[in-house]
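Sharing a structure here in structure tokens format.
The values are calculated or read from the model by the stated rules, or taken from the named source; none is laboratory data. Everything numeric in this text was worked out from a predicted model, so none of it was measured. As a convention, Cβ positions derive from the backbone with ideal geometry for all residues, glycine included, and neighbour counts pool all protein chains shown. Areas reflect the complete protein model, heavy atoms only, side chains present, ligands, DNA and RNA absent. Shrake-Rupley method; radii C 1.70, N 1.55, O 1.52, S 1.80 Å.
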Amino acid sequence: MKKITIFLTAALFMTHTNTVFADNYKYVPYIGLDYTYADNNAESFSPSFNVGGVRVGSEYGQYFGTELFFNQSDKHKRSHKNSKSKQSFRSYGLDVAAYLPLGCAKKISLIATAGIGEYIFKIKNYPHKHYNEHGYGYRFGGGVKYNFTPNWQMRIMARYVKYDRVSAYKHGTEYTAGVEYHFN
């Protein structure tokens with residue numbers, strides 16, 4: 001996954017220097033902070049997590065963008081008669097976004113995203129074993145972005161995540177609210 005992320009990031013930066021693009025091409029890098037409520041579906045229960053995230057991305061014109069993300073969750077605790085469990089996860093990866101600006105002022109945009117990330121679940125079962133599960137998450141979502149100023153923007157997103165190679169979790173949903181600073 002790290003090799004794929006590095007390769008795609010390098011390819012995106014190399015296309016920026018390509019002379020194929022017209023003079024009106026606008027490349028805008030940004031950084032964002034997110035709060036996410038993640039609701040996952042496991043085999044026997046549905047844990048939910050509060051997640052903090054950071055993302056670094058770029059918009060290529062007004063209709064297309066890419067971003068790298070990193071998320072870290074809090075611990076979900078569950079108790080039974082003779083056992084306890086704590087679970088958390090972190091994820092990182094790459095998302096591709098398509099934007100549809102609305103109105104004459106173009107302050108509001110609809111967003112559609114697709115991406116892939118590596119999800120690492122840390123599972124502690126007391127008094128039993130502790131283990132980590134690594135797998136991929138295929139992410140699909142949509143949302144709305146609002147431009148306060150040319151530099152500051154806010155977005156609200158909902159995503160469906162389908163986990164691959166993770167035995168404890170099947171799929172999940174993520175509801176995200178975040179702010180972005182664009183380096184215009």
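Could I have the simple spin-label model distance between residue 50 and residue 27, label points 7 Å from Cα toward Cβ, reported in nm to one decimal?
3.9 nm
Further question: With springs connecting C-alpha atoms under 10 Å apart, model the chain as a Gaussian network and identify which of 81, 170, 162 has the largest mean-square fluctuation.
Among 81, 170, 162, the largest mean-square fluctuation in the Gaussian network model of the chain belongs to 81.
What number of lysine-lysine pairs in the range 65-177 show an alpha-carbon separation below 15 angstrom, given a sequence spacing of 8 or more or placement on distinct chains?
16
Here is a follow-up. For 166, 179, give me the order by solvent-accessible area with a 1.4 Å probe, most accessible first, ignoring ligands, DNA and RNA. Before the final figure, lay out each step's value.
Details: 166 10, 179 65 Å².
Largest accessible area first, the residues go 179, 166.
Would you mind getting me the FRET efficiency between residue 168 and residue 114? Use the beta-carbon distance for r and R0 = 30 Å, nearest 0.05. Show your work: numbers first, answer last.
On the way: r = 24 Å, r/R0 = 0.81.
With R0 = 30 Å, the Cβ-Cβ based efficiency is 0.80.
Tell me, in nm to one decimal, what length is gained between residue 96 and residue 83 on full extension, where the rule is 0.36 nm per residue of separation less the Cα-Cα distance? Don't skip to the end; give the middle numbers.
Working: separation 13, 0.36 × 13 = 4.68 nm, distance 4.14 nm.
So the extension gain works out to 0.5 nm.
Determine the gain in length on full extension of the stretch residue 156-residue 175; use 0.36 nm per residue of separation and subtract their C-alpha separation, reporting nm with one decimal.
On the way: separation 19, 0.36 × 19 = 6.84 nm, distance 0.77 nm.
That works out to 6.1 nm of additional length.
State the extension gain, in nm to one decimal, for the chain segment bounded by residue 129 and residue 37, taking 0.36 nm per residue of separation less the distance between their alpha-carbons. If you can, show how the numbers build up before the last one.
Details: separation 92, 0.36 × 92 = 33.12 nm, distance 2.72 nm.
Result: 30.4 nm gained on full extension.
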